[in-house]
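Everything on this sheet refers to the single structure shown next.
The values are calculated or read from the model by the stated rules, or taken from the named source; none is laboratory data. The structure presented is a predicted model; accordingly, all values stated were derived computationally and were not measured. Here the Cβ is made from the backbone with ideal geometry for all residues, glycine too, and neighbour counts use every protein chain on show.
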Amino acid sequence: MPPVVGYSYIGWNQVRAGKPTRFADKRVRQAMSYLTDTSRIIKDVFLGYAEPAVSPFGNASKQHDSALQPYQANLDKAKALLKDAGYEDRNKDGVLEDKAGQPFEFKLTYFQANEDTSRMVLLLKDLYAKAGVKLVPFPQEWPVMLENLDKKDFDAITLGWTSSIETDLFQAFHSSQAISKGDNFIGYQNQELDKLIDAARRTVDEGKRMPLWQQAERILYEDQPYTFLMRRKSLLFVDKRIHNLQMTKLGLNLGSLPLENYVPLAQQKYTQ
């Protein structure tokens, strides 16, 4: 898949009202990724028109470490991680509680007008319930979502980012951006990652820069500040009269230069 294809994710808010949330614990975030059966989401919701995302870097990107594989659904691993983090079903009601007796319940915010996302959230609710985690679907209108992102007033949220030929991690994951109205709206901070991002951004030599990005990717893979979901595939229908269509490293050259598309004069039907 071309490296410029964006990705969807679930962002786990680690700080709310100035206090750490349950998602500040890396074990909890890892558990949530093991509970998120991305392969099933792709099959049942998106009818196979997607591929799992490992990180912000696509599989075709030089920034990507090919040794990293998508998290696979694993209920037993998820339960073990949650137990290690202090969550057990103490009152036998089917929902995990922390050591203080508070149930593991959270709202997943999503854009209410997207039907595919709505179906995905309902599937996730069932998947998480198998481990005793209660997901409460929380659909919102777009302006309300943006306002809550700016205020960091949410439990978890599912959204997407675009990608580029070389994706810069600074905006979404650098600690300096975990500020009011900053795009690190989940409050994720990792000083080792910050150093790698800073170093990669000032390294001109590609042969030295790409290993830095790959080290950064390995940290994100371990920390799971997002549960990386998928990269969508496109199903395109193009009139056979259109010539010079080619699949490039950046995807189909539909409407792009320097490989311009055209219809031969003898087959043209429209003049304007």
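Couple of notes before you dig in:
- One residue from THR158, THR167, THR162 being in contact (Cβ under 8 Å) with a residue 24 or more places away in the chain and closer than 30 Å to LYS83 by Cα: THR158
- Any hit, the stretch 91-99, residues being buried (at least 18 other Cβ atoms within 10 Å of the Cβ) and closer than 29 Å to GLU217 by Cα: no
- Single match in GLU147, GLU206 (criterion: more than 14 Å from the chain's Cα centre (by Cα), more than 28 Å from TYR71 (Cβ to Cβ), among the acidic types (Asp, Glu) and modelled with pLDDT of 95 or more): GLU206
- Condition check for LEU135: touching a Leu at 6+ places or on another chain (Cβ under 6 Å), among the aliphatic types (A, V, I, L, M) and within 23 Å of GLY187 (Cβ to Cβ): yes
- Residue within the stretch 110-127 that is among the hydroxyl-bearing types (Ser, Thr, Tyr) and either in contact with a Leu (Cβ under 6 Å, 6 or more places away or on another chain) or part of a loop (DSSP other than H, G, I, E, B) (or both) present: no
- In summary, VAL54 fulfils each of the numbered conditions (1) within 22 Å of PHE138 (Cβ to Cβ); (2) at pLDDT 95 or above; (3) touching a strand residue (DSSP E or B) at 6+ places or on another chain (Cβ under 8 Å); (4) not basic (Lys, Arg) with the single exception of condition (1).
- Residue list for the stretch 28-68, restricted to those being surrounded by fewer than 17 Cβ atoms within 10 Å (Cβ to Cβ) and either part of a strand (DSSP E or B) or not polar (S, T, N, Q) (or both): ARG40, LYS43, ASP44, LEU47, GLY48, TYR49, ALA60, LYS62, ALA67
- For the stretch 128-173, a residue qualifies if it is crowded, with 19+ Cβ neighbours inside 10 Å and in a strand (DSSP E or B), and the qualifying residues are LEU135, ALA156, ILE157, THR158.
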